[in-house]
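All remarks here apply to the structure that follows.
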């Protein structure tokens, strides 16, 4: 079974409607089959990868082409350098399986790298054991859709990000499934972009990570069982709607970590079974509304340096602690939320509690300083201190109240 | 009986000495969190550690997190100030033995584009600065390059 298969590059059809754009079929073989085909192709040709394993890496795509995999077409990078490096506009790469990119400490190698391009589409590919998955740098108006990116990540520091975007505008990241990487999606200096319908699970650091990015929207994504769900840092005007932040358990795990961000909206999300649902530090002028925060250790940890945030009409159900803060003053506004720990009454039956609710729990402040004190939670002593503190606040912030606590939860539909 | 007592005494003594010693510990990548930005420490080419004179340890995912932490906690006393050298990943080195360089090709975790070098010839060749110069710098005012 020697290598009797030569390099076969055959002209299959001429597509009349595309002028002189051709469709070229590729078959696995010896040598640099893909690179040679790209070299010989004319701009706007289509290369169809026939079934088989192509052993090749460092493939430079420097002209507008359509690269299309048939079922079973696999490009194996053999633990070497990057597989596809796209440096031309108007490229589309679809339906391929790419695997095995080597780990390097000196270079962030990716299965697919886009460098200074626009209008490139990466769709429906499967990436396996590639150090970084798809890496966009200084690129605009690109689409990353429907890809499944799975890392190997047997050792944690050897994992890169599944989708890594560094400097870009108007990128669409949709319908991808990302797991076992460092961050599922990483944005650094990415503006006016859209992230939706992705599933990011079992990643080691964050499901989604924003750094220095503005005017982005992410919605309808699922972030489950990551180191932490989503981190939004040093970013402004981010809209976060209808996402699910689930099962981020661990000593310093958060559903959503907000740090130095302002003017965003957080609406209709579900935060469930996280150590801390929402952690906010230096967050300003955000509107958090209609979210469900359920079964978290701490539903919200909002630090004293957060200002002018409005927390309205949310459901807080079954959390151990509802709100935690480290300041005696409160510069945020809580109104019209449903708190399952509310113990007031509603005599006039208008659905709103007659007494304000203080969601900050004295014992939450203590356990924040002395974690071992968790042992005493729900003991008689702690519960009685709790009641006394709510009546005559000494340690909990006096103005942190919800004056319109709801008697029953809102019937929002979170899927 | 006497032997038992002796061994317990020895064990106690060992624990006592251990607990009093002020020494750095290696960063557990993928497990430890940055004391400043709360991010998990992942990239073995970047990072740092502060050990107070009382032995409390603070770990950082990047030098650009360690420096502001030092500046914000000027009253604390540190026995060790360590950083990871880009040319010797994972290893913590005293900052005074390191040279620091800023270049956009160093993708450090908090956007400082800052790397530390043990051997100055391993750097790209931009301006190298010492720890004394670096620790006065201000970080977290990134501009899109």
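What the table below lists for this structure:
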{"read-out": "Residue under evaluation residue B:58, criteria (1) touching a residue at least 24 places away in the same chain (Cβ under 8 Å); (2) in contact with a strand residue (DSSP E or B) (Cβ under 7 Å, 6 or more places away or on another chain); (3) part of a strand (DSSP E or B), criterion not met", "value": "(1)"}
{"read-out": "Qualifying positions in segment B:120-145 - loosely packed, with under 12 Cβ neighbours inside 10 Å and at pLDDT 85 or above", "value": "B:121, B:132, B:133, B:136"}
{"read-out": "Residue count for segment A:179-188, restricted to those that are outside any strand (DSSP E or B) and surrounded by 24 or more Cβ atoms within 10 Å (Cβ to Cβ)", "value": "2"}
{"read-out": "Subset of segment A:252-273 that is assigned to a loop (DSSP other than H, G, I, E, B) and within 14 Å of chain B (Cβ to nearest Cβ) - its residue that is surrounded by the fewest Cβ atoms within 10 Å (Cβ to Cβ)", "value": "A:252"}
{"read-out": "Strands (runs of 3 or more DSSP E) contained entirely in segment A:116-178, each with at least 2 residues that are buried (at least 24 other Cβ atoms within 10 Å of the Cβ) and within 14 Å of another protein chain (Cβ to nearest Cβ)", "value": "A:132-140, A:163-169"}
{"read-out": "From the options A:297, A:344, A:304, residue that is modelled with pLDDT under 95, under 29 Å from the mean Cα position of the chain (by Cα), more than 14 Å from every other protein chain (Cβ to nearest Cβ) and over 28 Å from residue A:224 (Cα atoms)", "value": "A:304"}
{"read-out": "Given (1) over 24 Å from residue A:104 (Cα atoms); (2) over 15 Å from the mean Cα position of the chain (by Cα); (3) within 10 Å of chain A (Cβ to nearest Cβ), number of the condition residue B:129 does not satisfy", "value": "(3)"}
{"read-out": "Within segment B:23-34, tally of residues that are surrounded by 18 or more Cβ atoms within 10 Å (Cβ to Cβ) and part of a loop (DSSP other than H, G, I, E, B)", "value": "5"}
{"read-out": "The one condition in (1) out of contact with any helix residue (DSSP H, G or I) (no Cβ under 9 Å at 6 or more places or on another chain); (2) more than 14 Å from chain A (Cβ to nearest Cβ); (3) more than 25 Å from residue A:186 (Cβ to Cβ) that residue B:122 fails to fulfil", "value": "(2)"}
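The values are calculated or read from the model by the stated rules, or taken from the named source; none is laboratory data. Nothing here was measured: the structure is a model prediction, and the numbers come from that model. In this analysis, Cβ positions are derived from the backbone assuming ideal geometry, glycine residues included, and neighbour counts consider all displayed protein chains.
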